[in-house]
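Visitor: Dumping the structure here so I can ask a few things about it.
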Amino acid sequence: MGAGPAALCIVAELVEQGLSVTALASHAPDKPWPNTYGIWAEELESLGMASLLGHRWTNTVSFFGNGIGNEGKAPVNHDFDYGLFDQSALQKALLRRCGELLWHKETAKDICLQGANTEVICSSGNSYKARLVIDASGHRSPFIKRPHYESIAQQSAYGIVGRFTSPPVDNGQFVLMDFRPDHLTKEEILQPPTFLYAMDFGEDIFFVEETSLAFSPPLSWNTLKERLHSRLSHRGVEIVEVIHEEYCLFPMNLPLPYRNQPLLAFGGAASMVHPASGYMVGALLRRAPTLARKLAKYMNAHPNWDSKTLARKGWKVLWPLELVQRHRLYQYGLKRLMSFDELYLRQFFATFFRLPREDWSGFLANTLPLPRLLMVMLRLFFLSPKKIKLGMIFGASNSNKY
């Protein structure tokens, strides 16, 4: 169920395994995806998919200074290529791999077990039965059961693709995080911190996006829009033309689903968003082949297994113990970061990017084995100033309660 990146990733792999697949989605699978998807280029190269990048930057930087003097002006150079997917190319490539699969335009109303199979009852009155149902319809799915959580941290962002009176970032540059607060008033500095995510698309077109890493309740798009305009205005940059507006809102610390339920999930519905970065597409591309291969093996070898058994086997493949433990560590880190004010957060990230590149990039991509992840987190702790150390343990004293 679904037609976004998660659904297409898993459907393509299941079809290639020779399984009989039925796809349900509330809209056509070739409907353009509204948001941009970024990824470190090396992560995509390791999958042999670098050709799907629409843009790639070598000049990748962040800013964590206070905007005063050389400290504030000097960028932190990441020396690591970053790219944006060509969304259309990625979507078309996945759809080609789905072959002649028929997509039914349906909205699921109820899902229930019918003997050994699962039945999806749609609002149209149609129903579909399968040995296994995979919900890849996103984090808002009402069908995937998970523990109740009082405070869901959400990443929110408002962005513009457009033309400006002068470049909002240097030509040919990608800015992962610009936390410089020199455009903020004293009152605004005390409010939840945000940063600029920006890049040069070439031909005098730039993408600028004001982002709140994670907050509960989430910062509104109006607040982010005002922050973005204030940031640009402070630098003497005005918007000449808005080509596209982007609105993002998704949970960062959604609890892992119950892994004994008879319905399997993939993507946002399966809590696959990285709690430390908000990235997911790389994980979709890495984890879909393994899940599809295992499911095909189970279904072919055990034709009498029912939906409950297949789903539980699928959950174990999708969330093995090591990935569960890594996810919990990342959620702990996010909990601490949410307690940091603007100054603490800038100092934390300035320290984080002092780690060796293979450590911080693996941390952000969630590709570090658990023992190494623990070592990286310990190294980060020892590198940090004393007050950041205390914040990592106890949370900052002026924290937003998590």
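Visitor: Hey, what did the chain get for relative contact order, percent, Cα under 8 Å, at least 6 apart?
Guide: Once divided by the residue count of the chain, the mean separation gives 19 percent.
Visitor: Oh, and also: Order of 152-160, 377-385, 14-22 by packing, highest average Cβ count within 10 Å first?
Guide: Descending packing order for the listed peptides: 152-160, 14-22, 377-385.
Visitor: Provide the descending list of Cα extents for region 198-352 along its principal axes, expressed in whole angstroms.
Guide: For region 198-352, the Cα extents along the three principal axes come out at 67, 37, 26 Å.
Visitor: Cβ under 13 Å from Tyr158's Cβ, Tyr158 left aside: what net charge do those residues give with Lys, Arg +1 and Asp, Glu -1?
Guide: Residues close to Tyr158 contribute a combined charge of -2.
Visitor: For the chain, what is the charge dipole size about the Cα centre, in debye to the nearest 20, if Lys and Arg each add +1 at the Cβ and Asp and Glu each add -1 at the Cβ?
Guide: I would put it at about 1860 debye.
Visitor: Another question, if that's okay. Can you give me the distance in nm between label points at Ala301 and Glu42, each placed 7 Å from the Cα along the Cα-to-Cβ direction?
Guide: Label at Ala301, label at Glu42, 3.6 nm between them.
Visitor: Find the relative contact order for region 207-278 and round it to a whole percent, using C-alpha pairs within less than 8 Å whose residues are 6+ positions apart.
Guide: That works out to 26 percent.
Visitor: Give the Rg/Rh ratio for the chain, taking Rg as the radius of gyration of the Cα atoms and Rh as the Kirkwood radius, to two decimals.
Guide: Taking Rg over the Kirkwood Rh, I get 0.98.
Visitor: Another one. At a 10 Å Cβ-Cβ cut-off, how would you order Ser151, Ser271, fewest neighbours first?
Guide: In increasing order of surrounding Cβ atoms, one gets Ser151, Ser271.
Visitor: Quick one: which of 108-121, 49-62 comes out on top by average Cβ neighbours within 10 Å, and what's the full order, highest first?
Guide: Ranking, from highest mean packing down: 49-62, 108-121.
Visitor: Sticking with this structure for a sec: What are the ³J(HN,Hα) couplings of region 226-235, residue after residue, when phi is run through the Karplus curve with 6.51, -1.76, 1.60 and θ = phi - 60°? Round to Hz, x for glycine and proline.
Guide: 5, 4, 5, 5, 5, 4, 5, 4, 4, 8
Visitor: Give me Rg/Rg_expected for region 338-394, where Rg uses Cα atoms only and Rg_expected = 2.2 N^0.38 Å with N residues.
Guide: Working: Rg = 11.3 Å, N = 57, 2.2 N^0.38 = 10.2 Å.
Normalised Cα radius of gyration, region 338-394: 1.11.
Visitor: Expected output is a single nm value to one decimal: the length gained when fully extending between Glu241 and Arg56, i.e. 0.36 nm times separation in residues minus the C-alpha distance. What is it? Each step should come with its number before you reach the end.
Guide: Details: separation 185, 0.36 × 185 = 66.60 nm, distance 2.33 nm.
Stretched fully, the Glu241-Arg56 segment lengthens by 64.3 nm.
Visitor: Related question: Please report the net charge: other residues with Cβ closer than 11 Å to the Cβ of Leu44, K and R +1, D and E -1. List each step's numbers first, then the result.
Guide: Working: positive: Arg56, Arg286; negative: Glu42, Glu43, Glu45, Asp81.
Every neighbour counted, the sum reads -2.
Visitor: Next question. I'd like the Karplus ³J(HN,Hα) series for region 20-27: coefficients 6.51, -1.76, 1.60, θ = phi - 60°, whole numbers in Hz, and an x wherever there's a Gly or Pro.
Guide: 7, 10, 10, 10, 10, 8, 6, 8
Visitor: For region 1-62, calculate the relative contact order in percent as a whole number, restricting contacts to Cα pairs under 8 Å that are 6 or more residues apart.
Guide: 30 percent
Visitor: Using only Cα atoms, tell me the angle between helix 5-16 and the longest principal axis of the chain; keep it within 0 to 90° and round to the nearest 10.
Guide: The angle comes out near 40 degrees.
Only the coordinates and a few stated rules stand behind these numbers; no lab work does. Just so we're clear, the structure is a prediction, and the values are computed from it rather than from any experiment. Cβ coordinates were reconstructed from backbone atoms using ideal geometry, including for glycine residues, and neighbour counts include every protein chain displayed.
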